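Report on one structure; see the data block that follows.
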Amino acid sequence: MIQKVKGTMDITDAIETYQRIEKTIQTVSRLFHYREIRTPHFELSELFHRSVGSDSDIVSKETYDFKDRGGRDNTLRPEGTAGVVRAYIENKLYAQPAIPQKYYYYGSMFRYERPQKGRFREFRQFGVEVFGSHLPAIDAEVIAYAVTLLKALKLKDVKVHLNSLGDEDSKRAYKSVLKKHFEPHIDTLCHDCRRRYTDNPLRILDCKVDRNHSAFEHLPHAIDYLVDADKTHFETLLNTLDSMNIAYVVDHQLVRGLDYYTHTVFEIKVSESLLGSQNTICGGGRYNRLVRDLGGPDTPAVGFGFGIDRLVIALDAAELTAKPSSIHAYFIIMGAKARVRAMQLMQQCRLMGLMCDADYGDRSMKAQFKQSVFHDARFVVIIGDNEVDQDIVQIKDQQQNKEETVPSSALAHTLIDHLTQNQYSCEDCEKGDQS
Ligand code: HAM
């Protein structure tokens, strides 16, 4: 038997939770006024080398690269930002009148990482990218958006970690201080860190091998090397978050594993009791140089990526997962003539917005009733040859424990009348979209 590829998954039982998250993403995106953008699942490899960075673990160790039949180097996208920036430049979206331009995306990303709880080789990311504003207010909006999504999903026990790397001058100053800091330890650092020391000392801070090395004690803080304008940006962001009642911690160790960041970087973590060690569910920040570096006009930008599969695991551990959705009516069918009538009536009901299903297996009445319970149907509609001859149906309201017989032509309206009689909580209305 052929099995799925290591690090991938079939989503079966958790599908309702994924759908609930997707629905919430759409609602929150409307509130914040972001539009969806869809970009390809693979791009020319060079795009990721020039954006995420050739020194980053993601590009140097984790990409799925392949040559197409024309000999071009392609890469399955390991993240969404690079593709969205490419699309922004290629489609000249910067020429559109709306400023800033606010996009969101959702889809699979691919990284050749060691699979474990919360870490997959194909995983789903929801992300946002905003182009065209320098102001710290938009950094605050993007963070507020991520926090609002978690609030809407009722996930508590989350923490926003924030830091600032500043722009080019500040980053340069910090890199040189880091180099001095690590210089006495260089011979005892791991092979990768020795290379990072020369190529990009910031990347040493991502090292998973040397994490407990004494060189990682008393690290210099990036915010102490910010030039004045960058310091003001960060302070304004913190003030804005305070005014929005969004809690955060300033995390001096946070640099993020992708090269394109400038100024603000942030991550959202949930408690390890929910997700284990892979407990970062969201990461993002500002990347003011990337649009220019990829050939576009000088455009400031900021965004984040959410690990949706991690979010599902966290919601499950917090017992906030969605239940399989119930249906409005389950049709119990006895006989061939009744089946044709049931198909006709189900079609009418569905066109009027009622969720219906039936037994398609010629099972006994008892077995069909069992199915109606399994599907959590509010109504059972019973049709046998007798009902067909008299042009009627029997309806059983499982919630109110009432039975009635109505003309077939009145079925859909009768069900809708009962459903909208305000005996339902909002949650029930939502299930049936009858609100
Ligand atoms: P990232 O930190 O590499 O950032 O990924 C964002 C989130 O994707 C992580 O916090 C994590 O929840 C999830 N994630 C990453 N790798 C995996 C994996 N192997 N399995 C499951 N989940 C994973 C980015 O990708 C940036 N593009 C975010 C961004 C957007 N920055 C600015 N704009």
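Counting other Cβ atoms within 10 Å, which trypsin sites (Lys or Arg not before Pro) in segment 15-51 have at most 16 and lie in a DSSP loop?
Of the trypsin sites (Lys or Arg not before Pro), the ones in loops of segment 15-51 whose Cβ has at most 16 other Cβ atoms within 10 Å are Arg38.
Whole-Hz Karplus ³J(HN,Hα) for segment 386-400, in order, using 6.51 cos²θ - 1.76 cosθ + 1.60 and θ = phi - 60°, x for Gly and Pro?
4, 5, 4, 4, 8, 6, 10, 9, 9, 10, 10, 8, 5, 7, 8
Pairs Lys154/Lys208; Lys175/Lys231; Lys4/Lys154; Lys61/Lys151; Lys4/Lys269: which are spaced more than 24 Å apart, C-alpha to C-alpha?
Cα-Cα > 24 Å for Lys154/Lys208; Lys4/Lys154; Lys61/Lys151; Lys4/Lys269; rest within.
Which ³J(HN,Hα) values in Hz, rounded to whole numbers, follow from the phi angles of segment 38-53 under the Karplus curve 6.51 cos²θ - 1.76 cosθ + 1.60, where θ = phi - 60° and Gly and Pro get x?
Rounded to whole hertz, the list is 10, 10, x, 7, 9, 9, 5, 4, 4, 4, 6, 4, 7, 10, 5, x.
Let's test the formula: R0 of 22 Å, r as the Cβ-Cβ distance of Gln253 and Thr232. What FRET efficiency results, to the nearest 0.05?
0.45
Using R₀ = 60 Å, calculate the FRET efficiency as 1/(1 + (r/R₀)^6) where r is the Cβ-Cβ separation of Ser364 and Asp199; round to 0.05.
Given R0 = 60 Å and the Cβ-Cβ separation, E is 0.25.
For segment 384-399 and segment 310-348, write down the distance between their C-alpha centroids in whole Å.
20
In debye, nearest 20: dipole of the chain around its Cα centre with unit charges on the Cβ of K, R (+) and D, E (-)?
Magnitude of the dipole: close to 720 debye.
Could you check the spin-label model distance between Glu404 and Met352? Points 7 Å from the Cα along Cα→Cβ, value in nm.
1.2
Long-range amide H contacts for His263: which residues qualify at under 5 Å (H placed 1.01 Å from N, peptide plane, sequence gap of 5 or more or a different chain)?
Placed amide hydrogens put Leu165, Gly166, Asp167 under 5 Å from His263.
Please report, in cubic angstrom per residue, the volume enclosed by the convex hull of the alpha-carbon atoms of the chain.
With only Cα atoms used, the chain gives 201 Å³ per residue.
Tell me, how many Å apart are the Cα centres for segment 8-59 and for segment 125-167?
One Cα centre to the other: 15 Å.
Report the FRET efficiency, 1/(1 + (r/R0)^6), for Ser176 and Arg38, where r is their Cβ-Cβ distance and R0 is 35 Å, rounded to 0.05.
Efficiency for this residue pair is about 0.30.
In nm, to one decimal, how far is the modelled label at Lys61 from the one at Ser108, with both set 7 Å along Cα→Cβ?
Each label point is offset 7 Å from its Cα along the Cβ direction, giving 2.4 nm.
Quote the relative contact order of the chain in percent (integer), defining contacts as alpha-carbon pairs under 8 Å separated by 6+ residues.
Relative CO of the chain lands at 15 percent.
Between Asp397 and Glu217, what is the label-to-label distance in nm when each label sits 7 Å out along the Cα-to-Cβ direction?
Those two pseudo-labels are separated by 7.2 nm.
Taken together, the values in this text are just the output of simple stated rules run on the coordinates, not laboratory data. These figures come from a predicted structure and were not determined experimentally. Note: ideal-geometry Cβ built from the backbone for every residue, glycine included; neighbour counts use all protein chains shown.
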